[in-house]
Amino acid sequence: MQLKVTVNGQSYDVEVEVEEEPKPTLGAIFMAGGSFSAPPAAAAPTGGDGDGVRAPLAGTVARIPVEEGQQIEAGAVLVVLEAMKMETEITAPEAGTVGAILVKPGDAVTGGQVLVELS
């Protein structure tokens, strides 16, 4: 590139080399054929385990619509958990009697924790 530069009234023709900056790239992109499936995760027990019904996720106990000694059918709602402003109903895996309720509304529970014992 040629430029004309004037210094103290004297004109000079100057040739300047301009180096272009490298354009940014996205980086490497890897593509694989076929389908992807994540490796199986070690799942915590989520339903009845022996005599106890476990929490499938961590959350806070919102409601318990059953009482100890109550006869229930399979699929009856035992506990309602709230996690991330969403409610999850924990249901009975089979018909039976509510033996013991191990949590109360407002309790924080962890995934896999026994919530209700059935007999």
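Brief remarks follow.
- Only residues that are touching a Pro at 6+ places or on another chain (Cβ under 7 Å) and either closer than 10 Å to I90 by Cα or at pLDDT below 90 (or both) were counted in segment 54-78, giving 3.
- Any hit, segment 12-28, residues being loosely packed, with under 15 Cβ neighbours inside 10 Å, of a type in the set (S, T, N, Q) and at pLDDT 90 or above: no
- Per-region count, segment 72-88, residues in a strand (DSSP E or B), farther than 10 Å from V61 by Cα and either in contact with a strand residue (DSSP E or B) (Cβ under 6 Å, 6 or more places away or on another chain) or of a type in the set (V, I, T) (or both): 3
- Residue ID - surrounded by the fewest Cβ atoms within 10 Å (Cβ to Cβ), chosen from residues in segment 61-119 that are touching a residue at least 40 places away in the same chain (Cβ under 8 Å) and of a type in the set (S, T, Y): S119
- Segment 77-95, residues that are of a type in the set (G, A, S) and closer than 14 Å to E67 by Cβ: A92
The values are calculated or read from the model by the stated rules, or taken from the named source; none is laboratory data. In this text the structure is predicted, and so the values were computed from the model without any measurement. Cβ coordinates were reconstructed from backbone atoms using ideal geometry, including for glycine residues, and neighbour counts include every protein chain displayed.
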